[in-house]
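The structure appears below as structure tokens.
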Amino acid sequence: MADSNSSVVIWDAPFLMVNAIVPGVLPREMPQWWIRRRTGGTWQDLIIDDDATDDYFHEKLRMTRGAFYDIMATCTPFLQRSLTHYRTPLLPEQLVAFALCRWASGETFDSATLSFGMGRSSGIKAVRDVMDAILSEYTDKIRMPTGHRLLQVTRAIAAKGFPNCFGCMDYSHVYVDKPANAPAENYFDQKQQYSVIAQVVIDLDMRVLDVYVGYSGSVHGARVLINLSLYRRAETGTLFLADVVDLPYGVRTTGYVLADNSYGPLPWLVVPYGGVVQPPDEAHFQHVKLQISCSIRQMAYEVYSGLKIPGYFSRIYITD
């Protein structure tokens with residue numbers, strides 16, 4: 001009886017071994033298209049080409065696959081690494097994907113680098129290199145509209161009662177951990193949190209025309225404005241270059257933006273004005289202006305927070 005059982009075990013051993021080896025050697029049958037693939041890390045999810053890849057790009061990078069490859073092609077010359085006798089260098093597309101994923105998700109370097117198969121120091125350098133490449137190659141993407149685009153923007157806002165208006169300006173606080181060795185009161189804002197100020201100008205299509213991030217949260221938005229190149233260019237007449245339009249009461253303008261009462265009135269910056277009794281024309285002007293200002297400012301807030309418009313970066317707190 002013992003010999004019989006031993007024979008069964010001996011004959012079963014090759015069969016069990018084959019069952020263990022074959023699935024790792026022979027390709028498995030492709031799963032049905034509606035079955036989500038097991039994740040192999042963020043980078044592995046992105047490099048596999050199947051029907052679900054586009055969904056992964058939207059989920060991880062907040063952009064289409066085509067947009068990612070355009071950015072990658074532009075940044076690749078800046079991210080090439082020399083092949084040495086040590087480890088294989090990271091691919092440019094892996095560096096770009098890591099930087100975009102971290103900006104989109106807000107993960108720390110410690111957690112984000114694990115999903116991309118790189119160390120923390122490599123992740124920090126990758127983000128800096130990708131940022132430098134983007135700033136170097138996309139200098140013309142954030143700018144005031146010109147040519148045909150300028151006509152589209154000004155006509156769209158003129159239809160709502162504001163001729164030659166470029167868009168709306170506002171600022172928001174981006175919460176951060178207090179920088180080391182920096183005075184706490186400099187970054188302590190009115191909500192009693194540490195933050196830096198992000199000031200942005202957008203048009204009706206939520207296209208960013210100008211942006212600056214960096215002043216500490218204790219600084220007022222109006223003070224931030226007068227220290228920016230936006231203010232200097234507008235004051236010297238080199239920022240708003242639309243055709244001259246004649247407004248009521250002999251006012252002539254080549255362009256301006258709308259803002260709220262946190263800013264002071266300027267020839268190129270229109271803010272709401274007070275008054276208990278207003279003529280019908282002025283009352284209508286104020287009403288329409290308030291509606292447009294609120295709608296554009298709400299869109300700017302949504303771009304910042306990413307709460308209502310999917311596909312935008314939702315990084316409203318910076319930790320490292």
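Every read-out reported here was derived from the displayed coordinates using simple, explicitly stated rules and does not represent laboratory data. Here the structure is a predicted model, which is why all the values come from computation and not from measurement. Glycine gets a Cβ as well: all are built from the backbone with ideal geometry, and neighbour counts include every protein chain shown.
Odds and ends about this structure:
- Charged-residue dipole, Cβ positions (Lys, Arg, Asp, Glu), segment 152-233 about Cα centre, Debye nearest 20: 260
- A simple spin-label model places pseudo-atoms 7 Å from Cα toward Cβ; at LYS178 and ARG128 they are separated by 2.6 nm.
- Net +/- balance of residues flanking ASP140 in space, Cβ distance below 15 Å, scoring K and R +1, D and E -1: +1
- From least to most packed, judged by other beta carbons within 10 angstrom and beginning with the fewest, PHE57, PHE68, PHE98 follow the order PHE68, PHE57, PHE98.
- A simple spin-label model places the labels of ARG223 and THR108 3.2 nm from each other, with each point 7 Å out along Cα-to-Cβ.
- Size of electric dipole in segment 42-137: Cβ of Lys, Arg +1 and of Asp, Glu -1, about Cα centre, debye, nearest 20: 560
- Descending semi-axes in Å of segment 177-247, equivalent ellipsoid built from Cα gyration tensor: 31, 13, 10
- When you filter the trypsin sites (Lys or Arg not before Pro) in segment 65-165 for DSSP loop state and at most 16 other Cβ atoms inside 10 Å of their Cβ, you are left with ARG81, ARG87, LYS141, ARG143, LYS160.
- Model label points for HIS58 and THR74, set 7 angstrom from Cα along the Cα-to-Cβ axis, are 2.3 nm apart.
- Sum of side-chain charges, PHE57 neighbourhood, beta-carbon under 11 Å (Lys, Arg +1; Asp, Glu -1): -1
- Summing +1 for each Lys or Arg and -1 for each Asp or Glu among the other residues whose beta-carbon sits under 14 angstrom from that of THR238 gives +1.
- Note on CYS101, CYS165: ascending count of other Cβ atoms within 10 Å places them as CYS101, CYS165, the fewest first.
- Listing SER195, SER82 from fewest to most neighbouring C-beta atoms within 10 Å gives SER82, SER195.
- Base-10 log of normalised Debye intensity for segment 42-137 (one unit scatterer per alpha-carbon) at q = 0.21, 0.23 Å⁻¹: -1.09, -1.29
- Radius, Kirkwood style, for segment 72-217 when every pair of distinct Cα atoms is counted (Å): 18.4
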